[in-house]
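Novice: My structure is below; once you've seen it, I'll send some questions.
The values are calculated or read from the model by the stated rules, or taken from the named source; none is laboratory data. All values derive from a computational prediction rather than experimental measurement. Cβ sites come from the backbone with ideal geometry, for glycine too, and all protein chains shown count toward neighbours.
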Amino acid sequence: MPELLPRARNSSESIFSQMSRLALQYGAVNLGQGFPSDPPPAVLLDAARGALGRWDQYAPPAGLPILRDAIGADLGLDGADVVVTSGATEALNVLALSLYGPGDEVLMLEPVFDVYLPQARLSGATPVTVPMHLDDVAGWTLDMDALRAAVTPNTRALLLNSPFNPTGTVFSPVECAELVALARAHDLWIISDEVYDELYFGEQPTSFRTLAPERTFTVGSAGKRLEATGWRVGWIACPPGLAPMLSAIRQNGSFCAPTPFQVAVAAALPVARESGFYADLRAGYGERMGLLASGLRELGATVFLPSGTYFLTARHPQWTAEVLVKEAGVAVIPGAAFYAQHVAPEGLLRVAFCKSRSEIERALERLSLHAAHAPA
Ligand code: PMP
């Protein structure tokens, strides 16, 4: 009865949950939803065990000071400008509720991470998407002119994601400077979703905050950085002085992120940085990306190698996500799930490589068997 729940029209079961459910149902290897197969680092697990029984009550809505300081130290800003959230998902929702409302437009790129559109609509604003361009040779490219042309007097914010899920794009320093210039010219907030900031395979991504600290809100995720997506610890790095206002809004959501996990993330962030954990993560994922990409290419897929994230995009004339999960026993995400306002490139699929080598090998074997039995 949608008339009883008019806002429910904005939301339905996410494609990631749907594909994980189908993966279980069909016994498929799950290269769909972006959660790692590897366990989190020992320093994180040990700190969480130590926190249980000692840090069990509410934290302040803005986050435990030790965690705000640890995030601030890691990103190079004052801990007072950090708000801790229940994952990056809540961080993005807090920003949607705080920065825009009815009559406002929020500019973003398509393919679009699934929560951006419903969150903008739930805040009463209108999401406006500009498509990335995909070419079999050049891969994914940003159409800066199209983005400029999409700005109207109602545009309030530019919602960006670099490294970009699902395209794997890392905006070049020149593109970042152009994006910042656009935001400055029209006085737009920049919401920079940087949950994959440590997962890159070439040049280190530029953080928008370093270019425009006065207007950038940077969203981060301990779940992505420390391989603990279920712990629900994320953050917003705010322009100076704005954290108290965001924190006042976020306390109406989950009130605070889980306290013992905040303690554990505070302990693990400096260790991860100093011990080279992120470099090891990149090396490991880089290898798995290579394994997956060459396997998919041998099976006839066109693969668009990412510069960041732990996903690749690919196209194959005979594959759809539905056929693969039901008939080949491999779950991936249909590219069309990332499109709402424009048409998805034909046959586009997103395939996750944050999985173990053996899962990737098993998936490739199954795809190869499926190809052998498919009608010519
Ligand atoms: N932004 C992007 C681009 C993501 O891919 C994800 C998770 N898949 C999130 C935000 C949400 O992160 P979290 O799990 O910390 O809520």
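Novice: Identify all residues within region 11-67 that are more than 30 Å from Arg350 (Cβ to Cβ) and either in contact with a Ser or Thr (Cβ under 6 Å, 6 or more places away or on another chain) or within 16 Å of the ligand (Cβ to nearest atom) (or both); write none if there are none. Before you say what the answer is, go through the steps one by one.
Specialist: Step one: of region 11-67, the residues more than 30 Å from Arg350 (Cβ to Cβ) are 42-43, 46-67.
Of everything in region 11-67, those that are more than 30 Å from Arg350 (Cβ to Cβ) and either in contact with a Ser or Thr (Cβ under 6 Å, 6 or more places away or on another chain) or within 16 Å of the ligand (Cβ to nearest atom) (or both) turn out to be Trp55, Ala59, Pro61, Ala62, Gly63, Leu67.
Novice: Now for a different question. Does region 273-280 contain any residue that is of a type outside the set (Val, Ile, Thr), crowded, with 22+ Cβ neighbours inside 10 Å and on the phi < 0 side of the Ramachandran plot?
Specialist: Scanning region 273-280, I find no residue that is of a type outside the set (Val, Ile, Thr), crowded, with 22+ Cβ neighbours inside 10 Å and on the phi < 0 side of the Ramachandran plot, so the answer is no.
Novice: Looking at region 353-361, can you tell me whether even one residue there is over 18 Å from Val115 (Cα atoms), surrounded by fewer than 17 Cβ atoms within 10 Å (Cβ to Cβ) and in contact with a helix residue (DSSP H, G or I) (Cβ under 7 Å, 6 or more places away or on another chain)?
Specialist: We begin by selecting, within region 353-361, every residue over 18 Å from Val115 (Cα atoms); these are 353-361.
Narrowing further to those that are surrounded by fewer than 17 Cβ atoms within 10 Å (Cβ to Cβ): 356-358, 361.
Subset that is in contact with a helix residue (DSSP H, G or I) (Cβ under 7 Å, 6 or more places away or on another chain): 357.
Yes, region 353-361 contains at least one residue that is over 18 Å from Val115 (Cα atoms), surrounded by fewer than 17 Cβ atoms within 10 Å (Cβ to Cβ) and in contact with a helix residue (DSSP H, G or I) (Cβ under 7 Å, 6 or more places away or on another chain).
Novice: In addition: Tell me which residues, restricted to region 199-249, are in contact with a Gly (Cβ under 9 Å, 6 or more places away or on another chain), within 13 Å of the ligand (Cβ to nearest atom) and in a loop (DSSP other than H, G, I, E, B).
Specialist: Hits for region 199-249 are Leu199, Pro205, Thr229, Gly230, Trp231, Arg232, Val233.
Novice: Within region 164-179, is there a residue that is part of a loop (DSSP other than H, G, I, E, B), of a type in the set (A, V, I, L, M) and modelled with pLDDT of 95 or more? Lay out the reasoning, then the answer.
Specialist: Within region 164-179, the subset part of a loop (DSSP other than H, G, I, E, B) is 164-172.
Among the residues that remain, those that are also of a type in the set (A, V, I, L, M) are: 170.
Restricting the remaining residues to those that are modelled with pLDDT of 95 or more gives 170.
Yes, region 164-179 contains a residue that is part of a loop (DSSP other than H, G, I, E, B), of a type in the set (A, V, I, L, M) and modelled with pLDDT of 95 or more.
Novice: Under 25 Å from Ala243 (Cβ atoms), buried (at least 19 other Cβ atoms within 10 Å of the Cβ) and in contact with a Leu (Cβ under 8 Å, 6 or more places away or on another chain): does that describe Leu44?
Specialist: So Leu44 passes the test.
Novice: Condition first: in contact with a Pro (Cβ under 8 Å, 6 or more places away or on another chain) and either not hydrophobic (A, V, I, L, M, F, W, C) or not in a helix (DSSP H, G or I) (or both). Now tell me which residues in region 250-279 satisfy that.
Specialist: Correct list: Arg250, Gln251, Phe255, Cys256.
Novice: Go through (1) over 23 Å from Leu348 (Cβ atoms); (2) in contact with a helix residue (DSSP H, G or I) (Cβ under 8 Å, 6 or more places away or on another chain); (3) within 15 Å of the ligand (Cβ to nearest atom) for Ser86 and report which single condition fails.
Specialist: The one condition Ser86 does not meet is (2).
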